[in-house]
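**Student:** I'd like to ask you about the structure that follows.
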C-alpha cells in the first residue's frame, strides 16, 4: 500500500487489522531507501530459526530493486552505502548450509548477540558485486551463530 509520510514516500504491507505492518519500504527525501520486514524467522522443532536461503534470496531481490530505483528513478549514481542488518537475534538459530551438515534441515546453536549491522560500499552495481555484499552479510550472520562457512 503506497503512501506518503513526513519522511517521504512509503510502501507497506499491512498485517490484518494490526497497526504494525509486516514489512515496509521507506524512501527518504535525502535518497536513502530502507526496507524493513519482520518475516525472516520461522518456528522449527521448537526453535525460532532464520532460513538463510530465504534471507539470501530476499536480500538479493531487494538490493537489485533498490539499486534500480536509486539509479534510474532518482538519478543517484554509485558508489552506494549499503547497510544490511537484523535485530532480535538473541536465542534465534540459523539454518545450516547443506554442505555443513550431514542432516537435512539442520540448525545452528542459538545466537547470543541481539543484533547485526554490516555497512559496505557498493562501487560496481553488477550482479557479482551485489552477491558479494549479500554473501558478506550472510558470513557475519553465520559467524554470530558460530557456523564456519569457509570454503572446503
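The numbers here are math on the coordinates, done by the rules we state, and not lab data. Treat the numbers as computed from the prediction; the structure is a model and nothing was measured. No Cβ is skipped: glycine too gets one built from the backbone with ideal geometry, and neighbour counts run over all protein chains shown.
**Student:** Of the listed values [x] 21; [y] 30; [z] 45, grab the one calculated as percent of Cα pairs over 27 Å apart from the structure here.
**Tutor:** From the options [x] 21; [y] 30; [z] 45, the structure gives [y].
**Student:** Between residue 37 and residue 76, what length in nm is gained on full extension when 0.36 nm per residue of separation is reduced by their alpha carbon distance?
**Tutor:** Working: separation 39, 0.36 × 39 = 14.04 nm, distance 2.46 nm.
The span from residue 37 to residue 76 would gain 11.6 nm if fully extended.
**Student:** A further question on this structure: So between residue 83 and residue 44, what do we pick up on full extension, going 0.36 nm a residue minus the alpha carbon distance? Mind showing how you got there, number by number?
**Tutor:** Values: separation 39, 0.36 × 39 = 14.04 nm, distance 2.82 nm.
Taking residue 83 through residue 44 to full extension adds about 11.2 nm, to one decimal.
**Student:** For the pair residue 69/residue 57, report the inter-label distance in nm, with labels modelled 7 Å from Cα in the Cβ direction.
**Tutor:** Those two pseudo-labels are separated by 2.2 nm.
**Student:** Can you show me the helix-derived [θ] at 222 nm for the chain, built from DSSP H runs with n ≥ 4 at -39,500 (n - 2.57) apiece and divided by the number of residues, rounded to the nearest 500. Don't jump to the answer; show the numbers that get you there.
**Tutor:** Numbers: 2 runs with 35 residues, N = 152.
When only DSSP H runs of four or more count, the value is -8000 deg cm²/dmol.
**Student:** If each residue's Cβ is checked for other Cβ atoms within 10 Å, how do 83, 32 rank with the fewest at the top?
**Tutor:** With the sparsest Cβ surroundings first, the list reads 83, 32.
**Student:** So, one more: Modelling each spin label as a point 7 Å along the Cα-to-Cβ direction, I'd like the residue 140/residue 3 distance in nm, to one decimal.
**Tutor:** With each label placed 7 Å out from Cα toward Cβ, I get 3.1 nm.
**Student:** Can you put 19, 41 in order of Cβ neighbours within 10 angstrom, beginning with the fewest? Let's see the in-between values first.
**Tutor:** Numbers: 19 6, 41 19.
Arranged by neighbour count, lowest to highest, 19, 41 become 19, 41.
**Student:** Which of 60, 46, 88 moves most in a GNM of the chain, Cα contacts under 10 Å?
**Tutor:** Highest fluctuation of the listed residues: 46.
**Student:** Moving on. Please give the residues of the stretch 67-81, grouped as numeric ranges, whose backbone N is less than 16 Å from a label point set 7 Å along the Cα-to-Cβ vector of residue 129.
**Tutor:** 67-72, 75-81
**Student:** Using 7 Å Cα-to-Cβ label points, what is the residue 113/residue 13 separation (nm, one decimal)?
**Tutor:** 2.6
**Student:** I want to verify a result. In a Gaussian network model of the chain, Cα cutoff 10 Å, which of these has the top mean-square fluctuation: 47, 18, 117?
**Tutor:** The residue with the greatest mean-square fluctuation here is 18.
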